[in-house]
Amino acid sequence: MTAIRRYLPGWLSSYAVLYLLFLYLPVVFLPIFSVNTAATPKFPLSGVTLHWYEDLPRTPALIDATWNSLIVGISASILSTVLGILAARSITRYRYPGRRAINGLIMAPLVLPEVIVAISMLLVMLQLGLSLSLFTVVLGHVLVCIPYSMTVLTSGFEGFDRSLEEASADLGESAFGTFRRVTLPMVAPAIISSLLVCFTISLDEFIIAFFLTGTEATLPIYIWGQLRFAAKLPGVLALGTLLLFASFLLMTIAEILRRRAARRTQNEGGLYA
Amino acid sequence: MTVAAEGSPPLRMAGSRRRPLLQSEAIQGFALISPTFVYALILLVLPILVVIAHSFWTQNYLTIDHTFTLENYRIALTEPIYRDLLWRSLYISLTVSLLTVALAYPIAYFISFHGGRHKSLWLFLITIPFWTSYLLRVMSWKVILGYNGVLNSGLMGLGIIDEPSTALLYNSTAVIITLTHAWATFAILPIFVSVEKVDRTLVEAATDLGDGPLRSFLRVTLPLSAPGVISAALIVMIPTVGDYVTPKLVGGKDGVMIANAIQAQFGKASNWPLGAALSVTAMIIVSLMAGGTVLVFRALQRLAR
């Protein structure tokens, strides 16, 4: 560490610390004011309470929204991870014309304005006669989750040593046996990581759910509805804090798993990890 | 996180000679990706085509008149309200993308050149806030900038101002601050990847040949990392032009953006074709602006050499 510090231009490292503060500070205010006794979020705090948290489980609309979010999140993460596995495997293992273009198309939702993606899907779904429900939200979430799933999975699949699969086939394993006993254990952490990432994105996603849902609210939609009432703000802050911690936790686990997957597939076991 | 979709070339199928009946590699690869590809075709390409088609039609109360017309585009481009919203959206997205890139570059450079063993920890720390709900992050800026908010009460507590300022929230500056914060990570990652690729021996060579740190940075590192800077600018610019949540929550009357007008056409106003035309116009103009930005960056890159 001292060796690094010697080369570190002072202003650059202080800038880095300031930048981290800028990134984190706004988010930190949510938990701080969620335990404040006053309803308006201002300094100095008037007192510490867990009152707003205690109220949460007593709100039926919130319980419904939580269930809806869980259903949507689990369905979307499984579907997008399955589609992500197919695509990532194809991209990392095969070479064919149009491969880059197809990859670009699949990754496109990442860089398109969400509102435009959402209203386009809304138009098609209404034209197809689909009634808006949690199912249409899942369809939308899968589209925006696939790029993230692909990113996590390609990093796990890349550098995958094909000779291991060949060895297994040479030693008499069936194609399915090879997949189950060689391929799957190698890529399992990447797959779980993708599931967690997609679940987190779906849990936090607002715009697409807002446009594509019928009457059922997911958690972000519930929060959006509550934001109109100033008196409900502390409750929203408490709920937001819980969501925040859920995202932190899920993403930390996902990142650890993704790294493990990347290390596992790298040839000599962690040489470049 | 990783930006790995275009990494090392895929390994060739060595096993095919053992199984002569196996179809060619291309067909296998294509078959494997086709479910995902078809999904994207049905839920992304088809919907966008439908939006484009709608933009040439007319709303007739509850039905849609399918006769071809450019009327919606005339309204989108000439009606002062939409013209103003488009300009404001473009101005905000351009400002936000330039700001995020300028703020992100030193961080990406710092992590790449001075991150040492802690590179991945730094990247992790920087990506984590990004994974929290976008809605919540925008909400926290509302809490900070509000009339009874953190900044006002803090400044009053310090005796810097006497009464809460209303200038902080509900204007385009609030939108720019919030978006710059929300998109920070998106800008850092591509820049980091390209700074990481800069051949360190070239930097050393520049130093050996007598360039000072600033000169070698301007003439070696910066031009070589330009692709990352360009893609970071685009990755921020294109989505932010259509942002809905931020202008709605912190923009107030003066911070309304085109996405809010688009939403209104699909909601209360119920004029789908006009909403579609506004979407298409916004996308085309932001693409042109993105193209222009790329050209400007390229020209600057050439100047630096």
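Within the stretch A:14-26, the set of residues being facing chain B (nearest Cβ under 7 Å) and not hydrophobic (A, V, I, L, M, F, W, C) comprises A:Tyr15, A:Tyr19, A:Tyr24, A:Pro26. Please verify whether A:Ala230 is surrounded by fewer than 15 Cβ atoms within 10 Å (Cβ to Cβ) and within 11 Å of chain B (Cβ to nearest Cβ), treating the condition exactly as stated. Judged against the criteria, A:Ala230 is a match. Being within 13 Å of another protein chain (Cβ to nearest Cβ), within 17 Å of the chain's Cα centre (by Cα), over 24 Å from A:Ile208 (Cα atoms) and not acidic (Asp, Glu), is that true of even one residue in the stretch B:85-101? Yes, some residue in the stretch B:85-101 is within 13 Å of another protein chain (Cβ to nearest Cβ), within 17 Å of the chain's Cα centre (by Cα), over 24 Å from A:Ile208 (Cα atoms) and not acidic (Asp, Glu). For the stretch A:87-107, the criterion of being at the interface with chain B (Cβ under 9 Å from one of its Cβ atoms), under 20 Å from the mean Cα position of the chain (by Cα), within 13 Å of A:Val142 (Cα to Cα) and part of a helix (DSSP H, G or I) is met by at least one residue.
Scanning the stretch B:232-266 for residues that are modelled with pLDDT under 90, small (Gly, Ala, Ser) and surrounded by fewer than 20 Cβ atoms within 10 Å (Cβ to Cβ) turns up just one, B:Gly252.
Could you tell me whether any residue of the stretch A:229-241 is modelled with pLDDT of 90 or more and of a type outside the set (Gly, Ala, Ser)? Yes, the stretch A:229-241 contains a residue that is modelled with pLDDT of 90 or more and of a type outside the set (Gly, Ala, Ser).
The combined condition, being free of Cβ contacts under 8 Å to residues at least 12 places away in the same chain, more than 12 Å from chain B (Cβ to nearest Cβ), out of contact with any strand residue (DSSP E or B) (no Cβ under 6 Å at 6 or more places or on another chain) and farther than 24 Å from A:Arg258 by Cα, is not fulfilled by A:Phe179. The set of residues in the stretch B:43-77 being of a type outside the set (A, V, I, L, M, F, W, C), crowded, with 18+ Cβ neighbours inside 10 Å and touching a strand residue (DSSP E or B) at 6+ places or on another chain (Cβ under 8 Å) consists of B:His54, B:Thr58, B:Gln59, B:Asn72.
Each row is one residue, and each column tells you yes or no for (1) outside any helix (DSSP H, G or I); (2) away from chain A (no Cβ under 11 Å); (3) in contact with a Phe, Trp or Tyr (Cβ under 7 Å, 6 or more places away or on another chain); (4) surrounded by 14 or more Cβ atoms within 10 Å (Cβ to Cβ).
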| residue | (1), (2), (3), (4) |
| --- | --- |
| B:Ile126 | no, no, no, yes |
| B:Phe130 | no, no, no, yes |
| B:Arg137 | no, no, no, yes |
| B:Trp141 | no, no, no, yes |
| B:Tyr147 | yes, no, no, yes |
| B:Ser153 | no, no, yes, yes |
| B:Thr173 | no, yes, no, yes |
| B:Thr180 | no, no, no, yes |
| B:Ala205 | no, yes, no, no |
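With respect to (1) aliphatic (A, V, I, L, M); (2) more than 12 Å from every other protein chain (Cβ to nearest Cβ); (3) under 18 Å from the mean Cα position of the chain (by Cα); (4) within 18 Å of A:Leu122 (Cα to Cα), the lone exception for B:Met289 is condition (4).
Of all residues in the stretch A:30-45, those satisfying the criterion of being of a type outside the set (Ser, Thr, Tyr), assigned to a loop (DSSP other than H, G, I, E, B) and facing another protein chain (nearest Cβ under 9 Å) are A:Pro41, A:Lys42, A:Phe43, A:Pro44.
Considering each of B:Leu136, B:Leu85, B:Leu99 in turn, give the residue that is at pLDDT 90 or above, in contact with a helix residue (DSSP H, G or I) (Cβ under 6 Å, 6 or more places away or on another chain) and farther than 19 Å from B:Ile188 by Cβ. Residue meeting the stated conditions: B:Leu85.
The values are calculated or read from the model by the stated rules, or taken from the named source; none is laboratory data. Since the model is a prediction, treat every value here as computed from it, not as a measurement. Counting neighbours? That spans all protein chains shown, and the Cβs are built from the backbone with ideal geometry, glycine included.
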